[in-house]
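Asker: Before I ask anything, here is the structure I am working with.
The values are calculated or read from the model by the stated rules, or taken from the named source; none is laboratory data. If you're wondering where the values come from, they're calculated on a predicted model, not measured in any experiment. Note: ideal-geometry Cβ built from the backbone for every residue, glycine included; neighbour counts use all protein chains shown.
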Amino acid sequence: MEWMTSALCAREDPELFFPVSATGPALREELAAKRICLRCPVLRPCLAWAIDSGQAYGVWGGTNAEQRAVLRQKAGSSAPARLSSAEPRSAAPSDAPTNPAPPRAD
């Protein structure tokens, strides 16, 4: 876990990355943490580690616990082979479509 020494979050208040709820000020903290992650040079190894180790709390690799659970499900049985290329979602709401339907040709 040598990558942790280069993580931008190491220079921030750890509480920012572990909000106590998913509403109000805690939601703003989560979004602020994700913005830091998006600038971080070790976002990918951080996310892969969080998924591989089953981190159930906090913001890791630009994702919250719910987003990582979805990525774990998508990875399925070949998780270690595919996690290093997992792309975190942006700070958009978790119900935003990731693959919108193509326009219909009427």
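Asker: Residue 46 versus (1) among the hydrophobic types (A, V, I, L, M, F, W, C); (2) assigned to a helix (DSSP H, G or I); (3) at pLDDT below 85; (4) under 24 Å from residue 11 (Cβ atoms): which is the lone unmet condition?
Answerer: (3)
Asker: Can you go through 26, 79, 105 and tell me which one is of a type outside the set (Val, Ile, Thr) and either modelled with pLDDT of 95 or more or assigned to a loop (DSSP other than H, G, I, E, B) (or both)?
Answerer: Values: 26 fails: either modelled with pLDDT of 95 or more or assigned to a loop (DSSP other than H, G, I, E, B) (or both); 79 fails: either modelled with pLDDT of 95 or more or assigned to a loop (DSSP other than H, G, I, E, B) (or both).
Answer to the check: 105.
Asker: Could you check segment 51-60 and list, in sequence order, the residues that are part of a loop (DSSP other than H, G, I, E, B), within 21 Å of residue 21 (Cα to Cα) and either out of contact with any helix residue (DSSP H, G or I) (no Cβ under 9 Å at 6 or more places or on another chain) or touching a residue at least 24 places away in the same chain (Cβ under 8 Å) (or both)?
Answerer: The first filter runs over segment 51-60 and keeps only residues part of a loop (DSSP other than H, G, I, E, B), leaving 53-59.
Now restrict to residues that are within 21 Å of residue 21 (Cα to Cα): 54-59.
Result: 57, 58, 59.
Asker: Pull out all pairs, ordered by first then second residue, where Cβ-Cβ is under 7 Å, the residues are six or more apart or on different chains, the first lies in segment 15-33 and is more than 17 Å from residue 43 (Cα to Cα), and the second is of a type in the set (D, E, K, R) and in a helix (DSSP H, G or I).
Answerer: Pairs found: 19/29; 19/30.
Asker: Another question, then. Return yes or no: is residue 43 closer than 28 Å to residue 76 by Cβ and surrounded by fewer than 15 Cβ atoms within 10 Å (Cβ to Cβ)? Working first, answer last.
Answerer: On the way: closer than 28 Å to residue 76 by Cβ: yes; surrounded by fewer than 15 Cβ atoms within 10 Å (Cβ to Cβ): no.
It is false that residue 43 is closer than 28 Å to residue 76 by Cβ and surrounded by fewer than 15 Cβ atoms within 10 Å (Cβ to Cβ).
Asker: Residue 10: touching a Leu at 6+ places or on another chain (Cβ under 6 Å) and either at pLDDT 95 or above or not basic (Lys, Arg) (or both), yes or no?
Answerer: Numbers: touching a Leu at 6+ places or on another chain (Cβ under 6 Å): no; either at pLDDT 95 or above or not basic (Lys, Arg) (or both): yes.
In short, no.
Asker: For segment 16-39, how many residues meet the condition of being surrounded by 11 or more Cβ atoms within 10 Å (Cβ to Cβ) and over 25 Å from residue 73 (Cα atoms)?
Answerer: Here the count works out to 6.
Asker: For residue 10, are the conditions met, namely being outside any loop (DSSP other than H, G, I, E, B), surrounded by 12 or more Cβ atoms within 10 Å (Cβ to Cβ) and without any contact (Cβ under 8 Å) to a residue 40 or more places away in the chain? Talk me through it step by step, then tell me what you get.
Answerer: On the way: outside any loop (DSSP other than H, G, I, E, B): yes; surrounded by 12 or more Cβ atoms within 10 Å (Cβ to Cβ): no; without any contact (Cβ under 8 Å) to a residue 40 or more places away in the chain: yes.
So residue 10 does not fit the description; no.
Asker: Which condition breaks for residue 48 when tested against (1) without any contact (Cβ under 8 Å) to a residue 12 or more places away in the chain; (2) under 25 Å from residue 73 (Cα atoms); (3) hydrophobic (A, V, I, L, M, F, W, C)?
Answerer: Single failed check for residue 48: (1).
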